[in-house]
Each structure stands twice: as structure tokens, then as C-alpha cells.
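The values are calculated or read from the model by the stated rules, or taken from the named source; none is laboratory data. No experiment lies behind these values; they were computed from the predicted model shown. No Cβ is skipped: glycine too gets one built from the backbone with ideal geometry, and neighbour counts run over all protein chains shown.
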Amino acid sequence: MKDRIKGHWNTRSREYDKNVRQVIYFRRDKRVWQRILAGALGSEPLRVLDVGTGPGIMANMLAEMGHQVTGIDVSEGMLKRARDNSSSLHNSLEFVLGDAENLPFEGESFDAVVNRYVLWTIPDPKRALAEWRRILKPGGRMVIIDGTWYLRTADKPLRNRIWQHLSVPLIMLTERRVPRYQDMDDDLMARLWSSNARRPEADIGILEDLGFEEIDVDGEFSRRLMTNLDHLKNGHCGEYFLIRAVK
Ligand SMILES: C[S@@+](CC[C@H](N)C(=O)[O-])C[C@H]1O[C@@H](n2cnc3c(N)ncnc32)[C@H](O)[C@@H]1O
């Protein structure tokens, strides 16, 4: 399972980077995300781990905000993009090849763990969150950013499927690309816990079981993140959410 997931992200790394990198290169997008991260982490410089860093989007953003950042990912292809992005932006941060469920770091060595769009693609979320908790210092902060948009197309309500078809010409017109709405093949998607879970409720349950405290879900997150145009283009995919918790 893990090898298939890793293979998928290695194959997709170039296209994925191209689709998401505007967040660190365009001022408007960057400002929106920096406000979100500052709200979740505060303004003190922290030692932060970006798990499943991919092309290093959150990692670069956090480094520019003054944090000491390490990004870890299981995909060599993604880490290459992350290193290219950080050198283009002249940011200094560390990238490590490794597995989110088995981190190569000492216990209680980070002030915060950030993960964006990662937990849905991890085989065992409870094991991963326990591992992320292990490397957090007491009082350290966990920030989970994810979405409900990883349902298989066939499992989405009819309204959303129609909306998806209508959004195609809009994306082609404004972004000059043909959108791709399903990240993975059906078989792999069906095996992922996130295809069959009610989120963020399931995430909260796991955090509680693991002993996290001050668990808080930002109910306005989708609205804060998406402009009206973004919503027209991508709103059919589902909702984004941000969860904060403290060790
Ligand atoms: C949708 S991408 C998100 C990338 C990045 N966090 C972002 O915000 O754009 C999911 C990432 O999780 C990584 N990933 C998946 N399973 C992993 C694992 N077990 N350990 C570490 N990284 C993993 C993938 O390689 C991929 O880079």
C-alpha cells in the first residue's frame, strides 16, 4: 500500500508542483496562507516539521515567516521539487526523505507539526498522528489542514458532479489547463481510510484518543481560503478544514 502511494506521488510530483506552487510565488495567495499559519502558530519563531511536505509549499512559507523548518516526504520526486522551490526563493530549510508513520527524529524535538493535504493519503492516520505527537515537545502545536474532497467521484452527491462538469470550461479559460479531479485510481482511493471516513469528525476522535488537548476546528476555513472564483471552480470538491490541537 505504502509503495503504491509513494509511486503515485513520485509520478505526479511535477504536475502537482505546477498546480500548487502559485501559493509561494504570488503575493495574494502567500498573504492568505501566511495569515492562516500565523493564526495557528503565533508569531514566535518555532522549530516546525512539515510532514508530507511535497514541493515544500508550507515549508517555504513557514521559513519566510522566520521559523526553523524541516520538511519530510516519502517521495524523492516531491523532495526534488521542494529543494528547487527553496533555492529559487533563496530560503534556507532542511528536507529529509522519510516516512510520516516512522519519523527519523528524537522525541519532543519540535515545537509544531504542520501537515497540509497529507493525512488523507496516509495508510494509518492514528499511527501517523501518534508518531507526530511523539516528536512534539509538551505544549507543542499540531496543525492539520485537509479536506473532504478526496471522495471518489462516484460517491459525490449528484449536485457536486454536475457542478464539477460545469467548472471544467471555467478552469480551462482561467488557468489554461484541463482539470483532473481524482488524484488516484479508484482501487487505491477505495483502500484509503479517508474515502470511507466522516471528516473532520474522525480526525477529532483520533486526536482525543491520543490525548491531544485544546482541539479546535476552524469552521470558516474554506471561506477564508477560497475567493468566489476559486469556489466556483473547486467548491464542488468539498470543504477544506483546519484543526489545531496541543500536546
Ligand atoms: C497532496 S500532497 C501534499 C503536499 C504538500 N503538503 C502540500 O501542501 O502541497 C501529499 C504528500 O504526502 C506525501 N506522503 C504520502 N504518504 C507519505 C508518508 N507515508 N510519509 C511521508 N510523506 C508522505 C506525498 O509524497 C505527497 O508529497
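Exactly one residue out of D185, D124 is more than 12 Å from the ligand (Cβ to nearest atom) and among the charged types (D, E, K, R): that is D185.
Taking region 151-247 and the helices (runs of 4 or more DSSP H) fully enclosed by it, the elements with 2 or more residues that are among the hydrophobic types (A, V, I, L, M, F, W, C) and modelled with pLDDT of 85 or more are at 158-175, 201-209.
Considering S92, S86, S13, the condition of being surrounded by fewer than 18 Cβ atoms within 10 Å (Cβ to Cβ) and not aliphatic (A, V, I, L, M) is satisfied by S92 alone. The residue of region 127-152 that is farthest from the ligand (Cβ to nearest atom), among those that are farther than 24 Å from R223 by Cα and basic (K, R), is K137. Of the residues examined, F110 is not one that is aromatic (F, W, Y) and farther than 30 Å from E220 by Cβ.
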